[in-house]
There are 2 protein chains.
Amino acid sequence: MKAIILFGHGARDNRWREPFDRLAELWRQQHASTPVALAFLEMMSPTLEEAVSLLSAQGATQITVVPVFFGQGGHLRNDFPALLNACRKTYPQIALSATPAVGEEQAVLQAIVDFGARAL
Amino acid sequence: MKAIILFGHGARDNRWREPFDRLAELWRQQHASTPVALAFLEMMSPTLEEAVSLLSAQGATQITVVPVFFGQGGHLRNDFPALLNACRKTYPQIALSATPAVGEEQAVLQAIVDFGARAL
């Protein structure tokens, strides 16, 4: 079974995660047959490994991780691949892949441009 | 004259800013009559105040700042309003407003969900 993890940075302020909760809810409404979990790099839970464990317990065998980050700096170029490799070692039975950061996606950038244009 | 500032967090790795440069380029292609500037909270330049100065020199009188952040944590709830107020004091002739973070925009979240769905 396929599943998806929406992976964010995390922050001290708990309200920071609200758009991530909305993202997961939107996913559930539109892709109910594909389980979704959030995961965070730091300061929020669950971790990436905890999210993989959760989805594995639900029967996931192929998990795609979507980094919900704009830029690809040290977190995505260094920390994230290391976390992903650690998860692959802990869960060798799961096919774990990752997309580029959502900031690489033209439709995301276009939605931001349109949002700005409406606000002028 | 109206203008827009796309305001991001900033990072040590210079490649982190690539999606921001693409965002500004997309804006220029589609809204050529409304000048755009990037600005960063930390670790990258220009600062918000430098971006306001730049656009003011180009003749901007009304500037909308779009926080290109997903979550609204301490940076957007505390640091950003303080920076915005400092800019208002330095440039009282400019009408400076701000939108919510782009993570509050449903179309942005939908574009992320669609990106994830295509990657499965």
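Quick note: the coordinates plus some simple rules give every number you see, no bench work behind them. Since the structure is predicted, the reported quantities are computational estimates derived from the model, not experimental observations. Cβ: placed from backbone, ideal geometry, glycine included. Neighbour counts: every protein chain shown.
From A:Val65, A:Val36, A:Val113, which residue is free of Cβ contacts under 8 Å to residues at least 12 places away in the same chain and β-branched (Val, Ile, Thr)? Testing whether each residue is free of Cβ contacts under 8 Å to residues at least 12 places away in the same chain and β-branched (Val, Ile, Thr) leaves just A:Val113. Of the set (1) within 14 Å of chain A (Cβ to nearest Cβ); (2) surrounded by fewer than 21 Cβ atoms within 10 Å (Cβ to Cβ); (3) more than 18 Å from A:Arg22 (Cα to Cα), all apply to B:Thr90 but (1). Of the set (1) in contact with a helix residue (DSSP H, G or I) (Cβ under 9 Å, 6 or more places away or on another chain); (2) of a type in the set (Val, Ile, Thr); (3) more than 27 Å from A:Asn14 (Cα to Cα), all apply to B:Thr61 but (1). Of the set (1) touching a Pro at 6+ places or on another chain (Cβ under 9 Å); (2) at the interface with chain B (Cβ under 7 Å from one of its Cβ atoms), all apply to A:Gly74 but (1). All of A:Leu6, A:Leu41 fail the test of being closer than 18 Å to A:Pro100 by Cα and crowded, with 22+ Cβ neighbours inside 10 Å, apart from A:Leu6. Counting only strands (runs of 3 or more DSSP E) that sit completely within region A:1-112, those holding 1 or more residues that are closer than 30 Å to B:Gln30 by Cα correspond to A:2-8, A:62-67. Condition check for A:Val36 on (1) touching a Phe, Trp or Tyr at 6+ places or on another chain (Cβ under 6 Å); (2) surrounded by fewer than 20 Cβ atoms within 10 Å (Cβ to Cβ): one failure, at (2). The set of residues in region B:103-120 that are facing chain A (nearest Cβ under 7 Å) and over 28 Å from A:Leu96 (Cβ atoms) comprises B:Glu104, B:Glu105, B:Ala107.
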